[in-house]
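The next block holds one structure in the form of structure tokens; read it before the comments.
The values are calculated or read from the model by the stated rules, or taken from the named source; none is laboratory data. Everything quoted here is computed from the prediction, not taken from an experiment. Here the Cβ is made from the backbone with ideal geometry for all residues, glycine too, and neighbour counts use every protein chain on show. Accessible surface is based on the protein model in full, side chains and every heavy atom, while ligands, DNA and RNA are left aside. Shrake-Rupley method; radii C 1.70, N 1.55, O 1.52, S 1.80 Å.
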Amino acid sequence: MSPALSSERVLVLIPARMAASRLPGKPLADVGGRPMIVEVARRAAAAAIGQVAVATDSEEIAAAVRAVGFTAVLTRADHPSGSDRIFEALGALDPDGTVDVVVNVQGDLPTIAPATIRRALAPLAEPAVDIATLCAEIVVEEERTDPNVVKVVGSPLGNDLLRALYFTRATAPFGAGPLYHHIGLYAYRRPALARFVALAPSVLEQREKLEQLRALEAGMRIDVAVVDAVPLGVDTQHHLDRARAILAQEKAEQK
């Protein structure tokens with residue numbers, strides 16, 4: 001953990017629901033011999049930054065998580081986003097407000113490196129930062145123009161950090177230089193998370209279909225740590241097959 005955060009209490013929350021539109025039931029899909037949500041929780045625990053818990057509306061997911069010793073919090077089923085779900089879970093787990101930083105790790109990242117999760121805390125060493133997130137430089141030419149690849153437009157701060165100015169599905173910024181692929185893993189200061197979920201959806205958020213723009217439009221500061229690669233997000237059967245292959249390769253290399 002960053003020395004600047006060593007005195008702060010961090011809680012890692014993993015939102016998960018069964019009703020994924022493209023791959024229903026994916027939190028319980030088998031990856032490497034265990035449910036995907038359990039694999040993500042294991043990697044979050046290996047990051048060693050704080051307590052790990054899963055926030056879910058599913059008794060089945062909660063049971064799978066608890067069966068291997070992790071904490072699960074049952075939340076309402078009508079949350080519009082993972083941010084709202086983790087905010088409810090935060091209140092249930094820490095009603096006295098002792099947690100300072102909440103890290104939101106998506107439950108469909110079964111190959112994410114623990115070091116990548118830890119890296120999300122780096123921008124919070126700057127006290128003015130409300131929310132921290134991650135990105136990686138785009139190295140595949142097709143991704144530069146792919147609207148499914150969200151780009152970060154940011155001002156370099158040094159030490160592989162950016163101050164986010166905008167997030168977009170368009171190819172931006174214009175001109176020579178790197179483009180950065182946003183990775184949707186967030187570390188919130190607790191007051192920032194409370195403020196964020198209380199805000200109404202913003203104009204640009206609704207136009208781009210990018211929730212993080214709500215924070216920028218409200219004047220909140222988001223800084224971004226640059227990492228080496230984008231972790232595989234599992235949204236389809238093809239992604240699931242790739243994740244299984246990656247984990248099988250990791251297991252073989254460990255022998």
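When the Gaussian network model of the chain links Cα atoms closer than 10 Å, the mean-square fluctuations of Val12, Val99, Val224 top out at Val99.
Among the listed options [x] 67; [y] 48; [z] 54, the one matching percent of Cα pairs over 22 Å apart as calculated from these coordinates is [z].
Helices in the chain, meaning DSSP H runs of at least 4 residues, each add -39500 (n - 2.57). Divided by all residues, the mean residue ellipticity at 222 nm is -8500 deg cm²/dmol.
Translational diffusion coefficient of the stretch 35-176 (Stokes-Einstein, Kirkwood radius from Cα pairs, 20 °C, 1.002 mPa s): 125 µm²/s. Around Phe174, under 12 Å between beta carbons, what's the net of Lys plus Arg minus Asp minus Glu among the other residues? Local net charge: +2. When the chymotrypsin sites (Phe, Trp or Tyr not before Pro) in the stretch 164-223 are filtered for DSSP coil states and for at most 16 other beta-carbon atoms within 10 Å of their beta-carbon, the remaining sites are Phe174. What does the C-alpha gyration tensor say about the overall shape of the stretch 23-118? Classify as rounded when a/c is under 1.5, otherwise prolate if a/b is larger than b/c, or oblate. Oblate is the answer for the stretch 23-118, as a/c is 1.5 or above yet b/c matches or exceeds a/b. Which of the trypsin sites (Lys or Arg not before Pro) across the stretch 58-151 are loop residues per DSSP, with 15 or fewer other Cβ within 10 Å? Taking the stretch 58-151 and a limit of 15 other Cβ atoms within 10 Å, the loop trypsin sites (Lys or Arg not before Pro) found are Arg76.
For Arg9, the shell of other residues with beta-carbons less than 13 Å away shows a net charge of -2, using +1 for Lys and Arg and -1 for Asp and Glu. Each peptide in 100-111, 22-33 was scored by the mean count of other Cβ atoms within 10 Å over its residues; highest first, the order is 100-111, 22-33.
Quick check: residue separation of Ile246 and Leu232 times 0.36 nm, minus the Cα distance between them. What number comes out in nm?
Working: separation 14, 0.36 × 14 = 5.04 nm, distance 0.95 nm.
Contour length minus the Cα-Cα distance gives 4.1 nm.
Measuring between their Cα centroids, the stretch 190-255 and the stretch 44-82 lie 17 Å from each other.
Ser202 sits with roughly 20 Å² accessible to a 1.4 Å probe, with DNA, RNA and ligands left out of the calculation.
Model label points for Glu126 and Arg195, set 7 angstrom from Cα along the Cα-to-Cβ axis, are 1.5 nm apart.
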